[in-house]
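Just so it is clear, none of the values below were taken in a lab; they were calculated from the coordinates. Fair warning: this is a prediction, and the values are worked out from it, not measured in the lab. For neighbour counting, all protein chains shown are included, and Cβ atoms are generated from backbone atoms with ideal geometry for every residue, glycine included.
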Amino acid sequence: MASGKQVALIVGASRGIGRQVAIDLAKNGYAVVVAAKSTSDASKTTPFPPDPNSPHSTISTVEREIREAGGDATAVAVDARDFASVERLVARTIEIYGRLDVLIYNSGAIWWASVENTPMKRFQLMQRVNIEGLYGTLQAALPHFKNNGWKGRIIVVSPPIYSRFFRGKTAYAMGKVGMSILTKGLAVDFEREGKTDMAITSIWPAVAIQSAATENVEHENLKDLRKPTIYSDAILAILRAPPSVVNGCLELDEDFLRKTGITDFSKYNVVPGSTPRRIMPANFPDLTVPEQADEGKRIDSTKLKPRM
């Protein structure tokens, strides 16, 4: 069923941040495709809606939440580790809505430990879900952005690049920073190919957000958490900004909202009256160099003779 609405595909939308982003984009007029591995019989889920950070929250219940609130949503199961599954997801999005305007990649696997204490299976899972899943999703989606005249937005859940992020979670950081490098690199492609109506932006929380990843936080530490609505508000603000302003940027939710004039963030606090601890630095290193524009002789492997 073709829709006159803009269509947003959210990969990793079953719980926590992804669920909130899907709900708030739907409230703002988007038709949303909510994708993740977890499905359920939403008609039999009681109580409803379920705890948004529990396994009872699935793409099926998120679809029901949005539809019952008057929004437009479709749940499509996907395994981000399987490129064929990702291709089917994107094809199904186009089949249902006839277009793709916004892609948000929120899927993520987490294991925070030293290299010694990160087993190979954990490492492989993180790389396959985080960086490989993102890359595959982009590969599947880019032809449809092309069909749309290269008009669209891509949002990636990945951090600014800085040294402290590697501490105690090197294997995790390898994939997440790789996602941010992909944001930077694809943004350059858009720029030098004249795709001025396309933008890719990474976003990360400045303060820890209440989600499935933080559900084991001790009760007395809830004062250091914010509601996921800050994240969806920041994403909506990024989507409203001109592509040239946000293309290739590695943003923090709070800091980007400050750029839009917001100064009071108290409504996002999980514990009213608290002052949540900022987990991210105030300033980040500049990744550019004076020779930024000097590529030398550009090599394009697609134009070289195959060697095998």
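With the simple spin-label model, which puts each label point 7 Å out from Cα in the Cβ direction, the residue 184 to residue 229 separation comes to 3.5 nm. When Rg and Dmax of the Cα atoms in Å is calculated directly from the model, which label among [x] 23.0, 80; [y] 19.8, 75; [z] 19.4, 64 fits? Recomputing Rg and Dmax of the Cα atoms in Å here picks out [z]. By the count of other C-beta atoms within 10 Å, a proxy for reagent exposure, 63, 291 are ordered fewest to most as 291, 63. Residue exposure proxy: 135, 30, ordered by other Cβ atoms within 10 angstrom of their Cβ from fewest to most, comes out as 135, 30. Span-like helix criteria (full DSSP H runs; alpha carbon extent of at least 20 Å along the helix axis; mean Kyte-Doolittle hydropathy of at least 0.0) are satisfied in the chain by 83-97, 170-192.
Between residue 244 and residue 82, how high is the FRET efficiency from 1/(1 + (r/R0)^6) when r is the Cβ-Cβ distance and R₀ = 51 Å? Nearest 0.05. For R0 = 51 Å, the calculated efficiency reads 0.90.
The stretch between residue 191 and residue 274 holds 25.7 nm of extra length on full extension. This uses 0.36 nm per residue minus the Cα-Cα distance. Computed from the C-beta positions of residue 164 and residue 44 and an R0 of 41 Å, the FRET efficiency is 0.35 to the nearest 0.05. Comparing 226, 240, 153 in a Gaussian network model of the chain where C-alpha atoms under 10 Å apart are linked, the largest mean-square fluctuation is found at 240.
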